[in-house]
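Derivation of every value follows stated rules applied to the coordinates shown; laboratory data play no part. If you're wondering where the values come from, they're calculated on a predicted model, not measured in any experiment. No Cβ is skipped: glycine too gets one built from the backbone with ideal geometry, and neighbour counts run over all protein chains shown.
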Amino acid sequence: MVPRPLLQPLVPRLRRLLPGLAMSSATGSFSLQQPLNYRGGARLQPADGGQVEEVYEPATGRVIAKLLCSGEKEVDLAVQSAKAAFKVWSQMSGMERCRVLLEAARIIREQRDEIATLETINNGKSIFEARADIDVSWQCLEYYAGLAGSLAGEHIQLPGGSFGYTRREPLGVCAGIGAWNYPFQIACWKAAPALACGNAMVFKPSPFTPISVVRLAEIFTQAGMPKGLFNVVQGGVATGQFLCHHPDVAKISFTGSVPTGVKIMEMAAKGIKPVTLELGGKSPLIIFSDCALENAVNGALMANFLTQGEVCCNGTRVFVERKILDTFTKEVVKRTQKIKVGDPLLEDTRMGALINRPHLDRVQNFIKQAKEQGAQVLCGGDLYAPDDPKLKNGFYMRPCVLGNCTDDMTCVKEEIFGPVMSILPFDTEEEVVERANNTKFGLAGGVFTRDIQKAHRVVAALNAGMCFINNYNVSPVELPFGGYKASGFGRENGRAAIEYYSQLKTVCVEMGDVESVF
Ligand SMILES: NC(=O)C1=CN([C@@H]2O[C@H](COP(=O)(O)OP(=O)(O)OC[C@H]3O[C@@H](n4cnc5c(N)ncnc54)[C@H](O)[C@@H]3O)[C@@H](O)[C@H]2O)C=CC1
Ligand SMILES: C[N+](C)(C)CCCC(=O)O
């Protein structure tokens, strides 16, 4: 028999040669025993804590892994590990960091299908979408690799030959806390700008989706990052709190719900730590009668049904100019009914399973309440049981379109985070802008019209951080993304994110003698 240690190095090589070989990729067959924490460049079990959480495959309802939650000691060890790596990484030039980030992007591209498969198994979204998420992820690393070499300060001339200059410096160890809807992508949106600026990171994914981020950590090490530069601690509320309170954490970047965002800010306030908050939304999508109808229908589907509707920036309040209400609604319903729901690993599936049973129940309750309040279910909204027996315990529902909605209904006011679109008629531009802005949230917004002046006028009037004209939910990494109002602040992606992962040092240089006033 070949001794085990000799076999080990073969596994990654085989994986590279034959992607998929090391991992069974059929729904209902995956399970994971490997540790899910990552510290000092290796997977390991947490040093303390140990509360066990079950990790599900939403498509089948099976438990695929057991998660050990990290305690205070493990969080501290991860932060210390990041602190040590920060000393090395922050001293490297931007160009040196660029090369490592590019190598990480290359490996992700190479392993794209395998990572997408992991994401689909753990999140429930269709493999079609998961692949696009992984593409956005490596593009994000490429983008910040490109910026790393050009991060610079200013030189300012002062009287008498004196001068000043500014240095853009990293913050130190940044904490990243993620939601479960885009596990790998959220980690990349945080890690890429943080690491490009010279920071280290300790990342805590959602306990529902702990798996793919550990793969990202492995790739970073393989790409040549110092061991400990990117660590993963697993767990829920308590682990997140240890991380936020840790005195050596310099910044917290959080993606999740508004109530948790409030708590993160409170914890950060105690340590005067800057925060980036990417929170929830209830965004408006405004369809004018002069739109290209087919594009507007496509836009409404994109705005509501990606990732089973579990998307923060979804345009779930679809305002339609009354003149085209019937035509638009009929077409949207027809197209929604055609969405193929089912096994997310099948190539032609376009909607998989929701994240877990409690969340599915929550979404169902919203629909029940909408009916009680007078909304009309135009299609979907019911639980869906695929024919395949292995999927019978999965968390499926049919995408839902609600008509007869009014602004005061719960389904129109609250974030549902499921595949539920509410259609609301409007008559004038002035009226729709006011109604669109009448929400505590301000993450995104969209408008469909062929009138370019109207399009720009309307988006200028929307109180939202991310606006779309004649499209929705595309995510080029070059564009900053983030919210207004209760949807948070700080920006991810684009050049703007650099501001949130670095600090500015001013240096004032005297070239003459000191003129003392004393
Ligand atoms: N603006 C954006 O970019 C996005 C926003 N979201 C929002 O996230 C929500 C859904 O995600 P969930 O995971 O259910 O949100 P959540 O707020 O329950 O959890 C998010 C993360 O915070 C952690 N956490 C929870 N309580 C904590 C505490 N007291 N201290 C530290 N960490 C804590 C969780 O373990 C998880 O990792 C939705 O409201 C959605 O709109 C989701 C994706 C993107
Ligand atoms: C990728 N995109 C634009 C559909 C959603 C990104 C925001 C989120 O994490 O929910």
Notebook entry, point to check: Based on DSSP, what percent of beta bridges with both residues in segment 312-469 are antiparallel, to the nearest 5?
Noted result: 25 percent
Item checked: Normalised contact order of segment 82-163, rounded percent, pairs of Cα under 8 Å and 6 or more residues apart -> 39 percent
Notebook entry, point to check: What value does segment 221-367 have for Rg/Rh, both radii from Cα atoms and Rh as Kirkwood defines it?
Noted result: 1.09
Notebook entry, point to check: Restricting the count to DSSP beta bridges whose residues both fall in the chain, what percent are antiparallel, rounded to a multiple of 5?
Noted result: 45 percent
Margin query: Can you give me the distance in nm between label points at K227 and F163, each placed 7 Å from the Cα along the Cα-to-Cβ direction?
Written below: 4.3 nm
Next item on the list: Kindly provide the pair-distance distribution of the chain built from C-alpha pairs, with 10 Å bins from 0 and whole-percent values in order of increasing distance.
Entry: 4, 18, 27, 25, 16, 7, 2, 1, 0
Item checked: Part-to-part distance (alpha-carbon centres) for segment 97-152 and segment 421-443, which is given in Å -> 35 Å
Check: segment 28-134: D in µm²/s via Stokes-Einstein (Kirkwood Rh, Cα pairs, 25 °C, 0.890 mPa s)?
Finding: 150 µm²/s
Margin query: Quick check: residue separation of D513 and K454 times 0.36 nm, minus the Cα distance between them. What number comes out in nm?
Written below: 15.2 nm
Note to self: What does DSSP give for segment 99-236 in terms of the percent of beta bridges that are antiparallel, rounded to the nearest 5?
What the structure shows: 25 percent
Notebook entry, point to check: Hey, can you rank 37-43, 376-382, 322-328 by average C-beta count inside 10 Å, highest first?
Noted result: 37-43, 376-382, 322-328
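Relative contact order for the chain: what is it in percent, counting Cα pairs under 8 Å that are at least 6 residues apart?
It comes to 18 percent, rounded to a whole number.
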Next item on the list: Sequence neighbours fewer than 8 away in the same chain don't count; with that in mind, list the lysines whose C-alpha is under 28 Å from K392.
Entry: K66, K125, K334, K338, K340, K368, K371
Next item on the list: Could you please rank I272, I339, I416, placing first whichever residue has the fewest other Cβ atoms within 10 Å of its Cβ?
Entry: I272, I339, I416
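Arrange T166, T349 by Cβ neighbour counts within 10 Å, fewest through most, would you?
Least to most surrounded, the residues fall as T166, T349.
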Note to self: Order 107-116, 130-139, 155-164 from most to least packed using the mean count of other Cβ atoms within 10 Å.
What the structure shows: 130-139, 107-116, 155-164
Next item on the list: Under a cut-off of 27 Å between alpha-carbon atoms, report the lysines in cross-link reach of K270, not counting same-chain residues fewer than 8 places apart.
Entry: K73, K83, K87, K190, K204, K251, K440, K485, K505
Note to self: Counting other beta carbons within 10 Å of each residue's own, what order do T410, T120, T209 fall into, fewest first?
What the structure shows: T410, T209, T120
